[in-house]
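*Asks:* This is the structure I want to talk about, given as structure tokens.
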Amino acid sequence: MPFIKKPVTGMRDILPEEMELRNYLMGVIRRVYESYGFSAMEAPIVEHIENLTSKQGGDNEKLIFKIMKRGEKLSEAGEALDTDGLEGLVDSGLRYDLTVPLSRYYANNQAKLQKPFKALQMGPVFRADRPQKGRFRQFMQCDIDIFGDPTNLAEKELILATTEALSALGMDKYGFKVYINDRRILFGMIEYAGLPAEDAEKILIVLDKADKIGPEGVDRELSELGYEKASIEKLRGILDKYKDSSESVRLMGAEIPNYDIRAACENVADIMESVSALKERSLDLCFDPKLVRGMGYYTGTIFEIRCESFGSSICGGGRYDKMIGRFTGQDVPAAGFSIGFERIFTILSEAGFKPPKSSDKLAILIEKGVSPERLGEIFSISAKERSEGKRVFMAYMAKNKKFQKEGLMSEGYEEIREFYKD
């Protein structure tokens, strides 16, 4: 039976031209993040299944690529199928995001890490989603996280660093905007409106669909779930009345008689005003009381960045102060922001964006049949050029040399040297 040459469904081959752009974009993001003091680190792509199915990852937990036990452990698990079911055959899985593995990494290594620890992580994640245009089962995420800072300086730096990275990528012209909320505000609104607190997560699932189904759709679905009209109308009134500005957030805090809500509103307003006070860049922050973020691990501030012209978010994150405690029994303040790299790549690629051409690329074409001595001389020339920082491509001359040179020039090799036998 012949081998299958196509990638596994939902995966893809990345050709050199695309890889060059991807590497360039990741390099820009990395340089900006490192300038803010974030340190590169790496966690395994394979994670314990218990960590991945801890009800912290929202709907992503339904999309885990699960890995079976191996060797004797698989045999023993197979014998216990009647009692444990198929889940007893699994002990690990491919990570569906970078946050859960990073939290395990910090819990395991915190004694060796600086405090606060500012982590920079780029790598592939995997979700067994239905493949479609622009959506794959393996994709890249770029995250920054801060552990050990209980103040909102963490959120401010995350927003500043991420927006600067987007600006460095040229995303300003697409009109991106930062939206911010706090999970405590969401739960407070639900309680204030007279909706049952025990149904909060169910209500937030509906609220999270607001951008797709509109305010009427949200109210209709809440009504279909059996909630009283008066409570739905009261919630709608809050959502429509308080939005956009930091002043609006503070007015909400003044109206709702709850200390936690007032503290959360003051927190959001302070972040908005501090970040907007940066004179070197004009940042557009907007309070969105219906912003939910689907992950179950968020405990406080949440934020995302949207490109209005593309109708979708391109970055998201928030505070998750309870995650480390799941591993160690002791909570550690934590907050993070993730760039949706594939969406950024798609936007720039479809717009025809090309990475700056390097003048340090040299192509050497060699006539076939040159002597070993002559080839040694060419190797020496190539070694000298590489030692001076040039990227040197070497190949024998093709029969159609004109076509070969055109291909090299399209890849940025504007300097091409030819070496013959004589």
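*Asks:* Pull up the cross-link candidates among the aspartates and glutamates for residue 399, meaning alpha carbon to alpha carbon under 17 Å and not fewer than 8 places away within one chain.
*Replies:* Those aspartates and glutamates meeting the cut-off are 367, 418.
*Asks:* Taking the Cα-to-Cβ direction at residue 350 and at residue 129 and moving 7 Å from each Cα, how far apart do the two end points lie in nm?
*Replies:* 1.4 nm
*Asks:* Considering amide H positions built from the backbone, and no H for Pro or chain starts, which residues 5 or more places from residue 141, or on another chain, come under 5 Å of its amide H?
*Replies:* 123, 125
*Asks:* Expressed as a rounded percentage, what relative contact order does the chain have, with Cα pairs under 8 Å and six or more residues apart?
*Replies:* Relative contact order, the chain: 16 percent.
*Asks:* Under 5 Å between amide H atoms, partner at least 5 residues away or on a different chain: which partners does residue 194 have, H built in plane at 1.01 Å?
*Replies:* Long-range HN contacts for residue 194: none found.
*Asks:* Also: Calculate, in nm to one decimal, what residue 197 and residue 50 gain on full extension: separation in residues at 0.36 nm each, minus their alpha carbon distance.
*Replies:* Answer, rounded to one decimal: 50.1 nm.
*Asks:* Return the subset of 361/421; 112/177; 118/322; 173/354; 384/421; 361/401 for which the Cα-Cα distance in this structure is over 27 Å, preserving the input order.
*Replies:* Violating the 27 Å Cα-Cα cut-off are 112/177.
*Asks:* Run the numbers on region 260-338 and let me know its relative contact order in percent, using alpha-carbon pairs under 8 Å that are six or more apart.
*Replies:* Reported as a whole number, the value is 19 percent.
*Asks:* Give me the extension gain from residue 68 to residue 151: residue separation times 0.36 nm, minus the current Cα-Cα distance, reported in nm with one decimal.
*Replies:* Difference between extended and current length: 25.7 nm.
*Asks:* Here's something else I'd like to know. Using the basic label-point model (7 angstrom from Cα toward the beta carbon), what is the residue 42 to residue 312 distance in nanometres?
*Replies:* 2.8 nm
*Asks:* Quick query: amide H of residue 286 versus all other amide H atoms, modeled in the peptide plane; which residues come in under 5 Å with a sequence gap of 5 or more or a different chain?
*Replies:* It is 178, 179, 180, by chain and number.
*Asks:* What's the center-to-center distance, using Cα atoms, between region 316-333 and region 1-22 in Å?
*Replies:* Using only Cα atoms, the two centres lie 37 Å from each other.
*Asks:* Also, quick follow-up: Counting other Cβ atoms within 10 Å, keep those with at most 10, restrict to DSSP loop, and tell me which trypsin sites (Lys or Arg not before Pro) in region 383-422 are left.
*Replies:* Of the trypsin sites (Lys or Arg not before Pro), the ones in loops of region 383-422 whose Cβ has at most 10 other Cβ atoms within 10 Å are 399, 421.
*Asks:* From a point 7 Å beyond the Cα of residue 35 in the direction of its Cβ, which residues of region 145-167 have a backbone N at a distance under 14 Å?
*Replies:* 160-167
*Asks:* Restricting to the chain, what percent of DSSP beta bridges are antiparallel, rounded to 5?
*Replies:* Antiparallel: roughly 70 percent of the beta bridges in the chain.
*Asks:* Which distance in nm do the two modelled labels at residue 263 and residue 328 give, with both placed 7 Å along the Cα-to-Cβ direction?
*Replies:* 2.2 nm
*Asks:* Count the lysine pairs in region 218-303 whose Cα atoms sit under 17 Å apart, keeping only pairs 8 or more residues apart in sequence or on different chains.
*Replies:* Pairs that pass both the separation and distance tests number 4.
*Asks:* Per the 1.4 Å probe, what fraction of the accessible area of the chain, in percent, lies on carbon and sulfur atoms?
*Replies:* C and S fraction of accessible area: 52 percent.
*Asks:* Run through region 293-350 and list the GluC sites (Glu not before Pro) located in a DSSP loop whose Cβ has at most 10 other Cβ atoms within 10 Å.
*Replies:* Passing both the DSSP loop test and the Cβ count: 308.
*Asks:* Fully extended, how many nm does the chain gain between residue 397 and residue 209 (0.36 nm per residue separation, minus their Cα-Cα distance)?
*Replies:* 61.8 nm
*Asks:* Among all helices in the chain defined by DSSP H, which have a length of 24 Å or more along the axis from Cα atoms plus a Kyte-Doolittle mean of at least -0.5?
*Replies:* Result, helices passing both filters: 259-276.
*Asks:* For Cα Rg over 2.2 N^0.38 Å, pick the label among (i) 1.21; (ii) 1.06; (iii) 1.01 that corresponds to the value derived from the coordinates.
*Replies:* (i)
*Asks:* Test of understanding: extend the Cα→C-beta vector of residue 4 to 7 Å, then name every residue of region 131-159 with backbone N under 15 Å from that spot.
*Replies:* Output list for this probe position: 131, 137.
*Asks:* Only helical DSSP H runs with n ≥ 4 go in: add -39500 (n - 2.57) per run for the chain, normalise by residue count and round the 222 nm mean residue ellipticity to 500 deg cm²/dmol.
*Replies:* Helix-only estimate at 222 nm: -13000 deg cm²/dmol.
*Asks:* Let me ask something else about it. Across the chain, where is the longest run that never hits chymotrypsin sites (Phe, Trp or Tyr not before Pro) in a DSSP loop with at most 13 other C-beta atoms within 10 Å?
*Replies:* My reading of the result: 4-419 is the longest stretch.
*Asks:* I'd like to check one number: the per residue accessible area of region 268-363, probe 1.4 Å, reported in Å² as a whole number.
*Replies:* Spelled out: the 1.4 Å probe surface of region 268-363, per residue, equals 41 Å².
*Asks:* For region 120-237, what is the relative contact order in percent, using Cα pairs closer than 8 Å and at least 6 residues apart in sequence?
*Replies:* About 15 percent, as a whole number.
The values are calculated or read from the model by the stated rules, or taken from the named source; none is laboratory data. If you're wondering where the values come from, they're calculated on a predicted model, not measured in any experiment. A quick note on method: Cβ atoms are made from the backbone with ideal geometry, for glycine too, and the neighbour counts reach across all protein chains shown. Calculation scope for accessible area: heavy atoms of the full protein, side chains included, ligands and nucleic acids excluded. Shrake-Rupley method; radii C 1.70, N 1.55, O 1.52, S 1.80 Å.
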